[in-house]
Amino acid sequence: MGACQSFREMCDREKNTNVHLSLPAVCIVWQTAMIILFGVFMRYDHESDAHWVEHRKHLNLTDIENDFYFRYPSFQDVHVMIFVGFGFLMTFLKRYSFGGVGFNFLIAAFGLQWALLMQGWFHWLDADGKIRIGIENLINADFCVAGCLIAYGALLGKVSPVQLMVLTLFGITLFAVEEFIILSVIHARDAGGSMVIHTFGGYYGLSVSWMLYRPNLHQSSRLQGSVYHSDVFAMIGTLFLWMFWPSFNSAICDHGDGQHRAAINTYLCLASTVLTTVAISSLFQKHGKLDMVHIQNSTLAGGVAAGTAAEFMLMPYGCLIVGFCCGIISTLGYIFLTPFMEKHLKIQDTCGIHNLHAMPGVVGGIVGAITAASASVEVYGHEGLANTFDFEGKFKDMVPTTQGGHQAAGLCVALCFGIGGGIIVGAILRLPIWGDPADDNCFDDETYWEVPEEEESIPTILQYNNHVQNKDIAESNFTMESESRARS
């Protein structure tokens, strides 16, 4: 008990936000490590190597059959979601737009490199000890980064860039391990990552936030809110995410019916979620007005929940039901759960990732388990069943009910890694060596960014325009009065 108290006292000493040496050192050293590791392990796969010409001739293929032409459109969409969608969604705070977009950029740029290595060691290491990289690896690396960006949402405005680099290093590592266990060992299916990405990332971020709890965060409450233009920028992120989410959930599905079905299922889930989000937001707000927080976030919950069962025969009406429920759950989470968690559970969730990612991720995992367990030959056909659930090799004798159990086990693994890993990483990030801001200095770009001074020319121009407009009106009134006198 005394050791714990001593640890807390050490961690809660006065903050120093000077990262003049630590941030450059971390970036340069870790990027140098990436260069060395890529040199040792990373090579092009057969479809991106110069020997592709010989390979395609040997197999009587054409260039258009290169996987690049099938996967690259989806990769583009996912890449835009990671850098533009997530980035702009985090610009809602009135004085933290640079941090929202800029640190999102930093996390993603470092994370995708580390993800290519970590996922490569688990999934694509060949007999020569080399990782063969292709377009599908790039998509999976973006998926891996998404988990860390989700976690960042809970910590937005309260951590330093050095802490975010550490969060990403451990987050990518944990993600690669839990992904391997869920997809390869347990043999669960999770095309859109409801479990692997959203459940893990959500509870990872929430657990870290719990460990980094700030009892005096109310001292920064003046900045913990939005203004009109910041909400508009955040809505741009929402729209990019909403439009491209069908690509996200279908990006790594098998070519053909599975990928086609995943796009349709996600599309319908998202559409249904928007209506129920608007309904609940209006119902619980004074005079029926809409809350922009709900519209920016809860409208995306259906895409999260559609992830696990994206390529399953969920049926169009089933997709609408999933989206309908997620809109309600997510919006009510913002209204009731977020304040409850901060007050009673000591979890300060800046972006509300529990409502957008964590809860809908769990819903998606449950939907996936039920849909898998209820699959039948009548609905899928013999070959369709085997293809959809990958019943081959040592899993060729597996039946749908057993697969449903494996799906549920995968969800449990994601929860364990997210919560357990977050607590451990949170303890590391609580050490007073990372340059994080004080409780009265959070949610402010000036802590880590050079912020330009407010332009004085804009109000001057507005004042001039108003002066000219008033002068024109006065002259017009004088002319009308003169004409009136002349007539009389």
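Remarks
- Within the stretch 123-162, being modelled with pLDDT of 95 or more and of a type in the set (Phe, Trp, Tyr) holds for 143, 152.
- Among the residues of the stretch 377-410, those that are without any contact (Cβ under 8 Å) to a residue 24 or more places away in the chain, in contact with a Phe, Trp or Tyr (Cβ under 9 Å, 6 or more places away or on another chain) and open to solvent by less than 40 Å² (accessible area, probe 1.4 Å) comprise 385, 386.
- Restricting the stretch 429-455 to residues that are within 23 Å of the chain's Cα centre (by Cα) and not in a loop (DSSP other than H, G, I, E, B), the residue that is surrounded by the fewest Cβ atoms within 10 Å (Cβ to Cβ): 445
- The set of residues from the stretch 93-138 being touching a residue at least 24 places away in the same chain (Cβ under 8 Å), surrounded by fewer than 20 Cβ atoms within 10 Å (Cβ to Cβ) and part of a loop (DSSP other than H, G, I, E, B) comprises 94, 129, 130, 134.
- In the stretch 78-92, the residues that are open to solvent by less than 40 Å² (accessible area, probe 1.4 Å) and either closer than 11 Å to residue 142 by Cβ or touching a Leu at 6+ places or on another chain (Cβ under 8 Å) (or both): 78, 81, 82, 85, 86, 89, 90
- Residues within the stretch 1-34 that are assigned to a helix (DSSP H, G or I) and either modelled with pLDDT of 95 or more or under 31 Å from the mean Cα position of the chain (by Cα) (or both), tallied: 15
- Just one of the listed residues (208, 227) is farther than 19 Å from residue 193 by Cβ, surrounded by 14 or more Cβ atoms within 10 Å (Cβ to Cβ) and not charged (D, E, K, R), and it is 208.
Conditions (1) under 24 Å from residue 157 (Cα atoms); (2) assigned to a loop (DSSP other than H, G, I, E, B); (3) touching a residue at least 12 places away in the same chain (Cβ under 8 Å), marked per residue:
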site: 36; (1), (2), (3): no, no, no
site: 43; (1), (2), (3): no, no, yes
site: 50; (1), (2), (3): no, yes, no
site: 55; (1), (2), (3): no, no, no
site: 80; (1), (2), (3): yes, no, yes
site: 83; (1), (2), (3): yes, no, yes
site: 91; (1), (2), (3): yes, yes, yes
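- Subset of the stretch 264-286 [surrounded by fewer than 17 Cβ atoms within 10 Å (Cβ to Cβ) and closer than 9 Å to residue 302 by Cβ]: 271
- Residue 202 being under 18 Å from residue 364 (Cα atoms), in a helix (DSSP H, G or I) and touching a residue at least 60 places away in the same chain (Cβ under 8 Å): yes
- Hey, residue 374 open to solvent by 60 Å² or more (accessible area, probe 1.4 Å), small (Gly, Ala, Ser) and either within 20 Å of the chain's Cα centre (by Cα) or on the phi < 0 side of the Ramachandran plot (or both) or not: yes
- Here residue 75 does not fit the description of being of a type in the set (A, V, I, L, M, F, W, C), closer than 30 Å to residue 239 by Cα, open to solvent by 90 Å² or more (accessible area, probe 1.4 Å) and in contact (Cβ under 8 Å) with a residue 24 or more places away in the chain.
- Per-region count, the stretch 87-123, residues of a type in the set (Lys, Arg) and out of contact with any Ser or Thr (no Cβ under 6 Å at 6 or more places or on another chain): 1
- Looking across the stretch 100-146, the residues that are of a type outside the set (A, V, I, L, M) and either under 14 Å from the mean Cα position of the chain (by Cα) or more than 26 Å from residue 46 (Cβ to Cβ) (or both) come down to 100, 102, 103, 104, 105, 110, 111, 140, 142, 143, 144.
- Only listed residue being over 20 Å from residue 274 (Cβ atoms), open to solvent by less than 30 Å² (accessible area, probe 1.4 Å), of a type outside the set (Phe, Trp, Tyr) and modelled with pLDDT of 95 or more, chosen from 352, 365, 361: 365
- Subset tally (residues that are part of a helix (DSSP H, G or I), more than 22 Å from residue 247 (Cβ to Cβ) and open to solvent by 10 Å² or more (accessible area, probe 1.4 Å)) for the stretch 167-195: 9
- Meets criteria (of a type in the set (Val, Ile, Thr), open to solvent by 20 Å² or more (accessible area, probe 1.4 Å) and part of a helix (DSSP H, G or I)) for residue 413: yes
- Among residues of the stretch 289-327, those that are open to solvent by less than 50 Å² (accessible area, probe 1.4 Å) and part of a helix (DSSP H, G or I), counted: 18
The values are calculated or read from the model by the stated rules, or taken from the named source; none is laboratory data. Just so it is clear, the model here is predicted, and its values are computed rather than measured. Positions of Cβ are generated from backbone atoms using ideal geometry, with glycine treated the same way; all protein chains shown enter the neighbour counts. In case anyone asks, the SASA skips ligands and DNA or RNA and just uses the protein heavy atoms, side chains included. Shrake-Rupley method; radii C 1.70, N 1.55, O 1.52, S 1.80 Å.
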